[in-house]
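Please read the structure below before turning to the comments.
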Amino acid sequence: MAHLGKIEAEVQQMIQERKNHILEIKDTVKRSKADADREMADGVQVLTALICCIEKYQDDLNQMVKERLKSTEKQAEDLIKELEQEIEDLTNRSSEVKQLSHTKDHLHFLQAFKSLKNPPPTRDWTTVEVRPPSYVGTLRRSLDQLEETLNMEMKKLGDAELKRVQQYEVDVTLDPDTASSSLILSEDGKQVHHGGVRKKLPDNPKRFTKYINVLTRQSFSSGRFYFEVQVKDKTAWYIGVARESIVRNGETVITPENGYWTLYYDEDGLLFSDNPDVCLPLRAEIQKVGVFVDYDEGLVSFYDVEARVHIYSATGFTFTEPLYPFLSPCLHEEGTNSAPLILSPVNQTD
């Protein structure tokens, strides 16, 4: 009976665990539905605004073209009226001349000829023309205005998206056991910079020996996570995530195929490290980079935190290993790139 009681308790515990799991699944579905509703509402709001803008720019374009055409037609109409009036005057003069040529009254002929010998006043039409209106650049200017509006909407969308992913902030610290021997880490594990001199450190299979990289102590094997890195005053850096099995003691190319999903920045610009690299637009100098990972969806996204815009998303991957936040401050370049990379907490007032 005691054994049966124990079995019963275990069964009840298993039942409760499964009930709790059902509640978790339902809660996930509920949150997913709320996320979907919010996403669709945001989409409707943004796309409706864009449709309205496109319709407005189309109306403005049509109105401008019609006004230019109307102005040309009015000019042509006025000129035609003037020409027709001169034709009428000249026709009348022609009739008077023909009539005078048949007169037998010499005195009347001489008197009339004096008034007819000079043609009626007319314009010099050799320099007069109706120029069709030019529409060169009209559509382009409308598209430029639309692009400006689209950029504003994209900025609003980026701001909303950034706030959403910042909710998945994780507190991570740098792992000295992985840091290249020429890197200097702060005591709290939040900052790293290149020291320029390789230190003698104990052998460790986790350590990067060829390149000046470092991973965090924490790794992630499911769900979503987000972290921010300050890159202010730096002229070169790598930031992203790397899988656990990356090569650490030899040469490798930093690409997703080799287990790295990173942004790279130097004086030549910004790019996502891949094969081939993906060159990215750089509107201004980046101060802080946000990295968001959805492990289950195979997504890695990067954000310019200060500008509050989305930079790039790498999608369609299947993660099968733990992922670690990855930083490389690059060479200090005789002091020009000596500023540290800093793991920063999310500023909720942004």
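The values are calculated or read from the model by the stated rules, or taken from the named source; none is laboratory data. Everything numeric in this text was worked out from a predicted model, so none of it was measured. Positions of Cβ are generated from backbone atoms using ideal geometry, with glycine treated the same way; all protein chains shown enter the neighbour counts. Accessible surface areas use protein heavy atoms only, side chains included; no ligands, DNA or RNA. Shrake-Rupley method; radii C 1.70, N 1.55, O 1.52, S 1.80 Å.
Springs join every pair of Cα atoms under 10 Å in this Gaussian network model of the chain, and among 17, 267, 147 the largest mean-square fluctuation is at 17. Taking a ≥ b ≥ c as the square roots of the eigenvalues of the alpha-carbon gyration tensor, segment 202-350 is classed rounded because a/c is under 1.5. Of all the options 120, 276, 322, the one that moves most in a Gaussian network model of the chain with Cα springs shorter than 10 angstrom is 120. Here the extension length gained between residue 249 and residue 92 equals 46.1 nm, from 0.36 nm per residue of separation less the Cα-Cα distance. When each of the peptides 304-313, 150-159, 74-83 is scored by the mean number of other C-beta atoms lying within 10 Å of its residues, the order from highest to lowest reads 304-313, 150-159, 74-83. Please work out whether segment 115-184 counts as rounded, prolate or oblate from its C-alpha gyration tensor, where a ≥ b ≥ c are the square roots of the eigenvalues and a/c under 1.5 means rounded, while otherwise a/b larger than b/c means prolate and anything else oblate? Prolate, since a/c reaches 1.5 and a/b exceeds b/c.
Each Lys and Arg Cβ is given +1 and each Asp and Glu Cβ -1; about its Cα centre, the chain then shows a dipole of about 180 debye. Computing Rg/Rh (Cα atoms, Kirkwood Rh) for the structure here picks out one of (i) 1.12; (ii) 0.97; (iii) 1.42, namely (iii). Residues in segment 1-124 average 85 Å² of solvent-accessible surface per residue, probe 1.4 Å, ligands and nucleic acids excluded. Of all aspartates and glutamates in the structure, those lying under 12 Å Cα to Cα from residue 210, and not within fewer than 8 positions of it along the same chain, are 251. Note on segment 218-283 and segment 146-193: Cα centroid distance 12 Å, given to the nearest whole angstrom.
The aspartates and glutamates whose alpha-carbon is closer than 17 Å to the alpha-carbon of residue 19, local same-chain residues fewer than 8 away aside, are 8, 10, 27. Residues considered: 104, 70, 26. Largest GNM mean-square fluctuation over the chain, using C-alpha springs under 10 Å, is found at 104. Report P(r) for segment 19-121: all Cα-Cα distances, bin width 10 Å, range 0 to the bin holding the largest distance, values in whole percent. The distribution over segment 19-121 is 11, 16, 12, 10, 9, 9, 8, 7, 6, 5, 4, 2, 1, given as percents. Protection proxy ranking for 194-200, 297-303, using the average of other Cβ atoms within 10 Å per residue and placing the highest first: 297-303, 194-200. Classify segment 192-280: rounded, prolate or oblate, from the alpha-carbon gyration tensor (a ≥ b ≥ c, eigenvalue square roots; a/c under 1.5 rounded; otherwise prolate if a/b is larger than b/c)? Here segment 192-280 falls in the rounded category.
Using alpha-carbon positions, what is the distance between the centroids of segment 3-40 and segment 289-350, in Å? Cα centroid to Cα centroid, the span is 34 Å. Annotation: extensible slack from residue 199 through residue 331 equals 46.0 nm (criterion: 0.36 nm per residue apart, minus Cα-Cα distance). For an R0 of 41 angstrom, estimate the FRET efficiency from the Cβ-Cβ distance between residue 31 and residue 257 and round to the nearest 0.05. Efficiency for this residue pair is about 0.75. Between the beta carbons of residue 45 and residue 296, assuming R0 = 22 Å, the FRET efficiency works out to 0.20 to the nearest 0.05.
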